[in-house]
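In what follows, a structure is listed as structure tokens, so that the remarks can point back to it.
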Amino acid sequence: MARLAVLLALCLLPAIAAAARPTRTPLTVTGKVYCDTCQAGFETPASTYIAGAKVKVECKDRTSMKPLYSQEATTDSTGTYKMFVSEDHLDQLCDAMLVSSPQPNCQKPAAGRDRARVILTRYNGIASDDRFANNMGFVIDQPLSGCAQVLQQYQDFDV
């Protein structure tokens, strides 16, 4: 009977310890959404950040490209979104992508700036739980006045 009690204790203790262990903290995906006010194709000092823009993170199977995970978030007053992903997405392709903009004159996603790859696994050598997505942007319908001066600073002058 004593052997049975010891054997039962040896089998139950690891299960109890595993169940009592707290779950890992979720991965935090953070990024910003901007309006390309000069139609430059990238962020400039004249770019503004969009409050209330909707973004989503979507993960797909690497071989079949079948969507396996999706989560949406909304930007705050600084144009920043933050979402928490508790699952580990190992070998999946995960992208943060634009969904919509609340600004009526800035709703067209910028080509090449409408999505950002995000690594959502802990098995890649990144020690932090924070994941930062590249900023994504929408393009304004008509460029603002003063954009010529802003864009002039990006011209390359060879002397």
Query raised in the report: Can you tell me the Rg and the Dmax, both Å, for the Cα atoms in the range 89-158?
Result: 17.3, 48
Requested in this report: For the range 24-150, report the translational diffusion coefficient in µm²/s to the nearest whole number, using Stokes-Einstein at 37 °C, 0.692 mPa s, and a Kirkwood Rh over Cα pairs.
Outcome: 215
Query raised in the report: HN-Hα J couplings of the range 126-135 from phi, Karplus 6.51/-1.76/1.60, θ = phi - 60°, integer Hz, Gly and Pro as x?
Result: 7, 6, 8, 8, 8, 10, 10, 8, 4, 4
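We did not get these values from a lab; they are worked out from the coordinates using the rules stated. What you see is a predicted model; the values in this text were computed from it and never measured.
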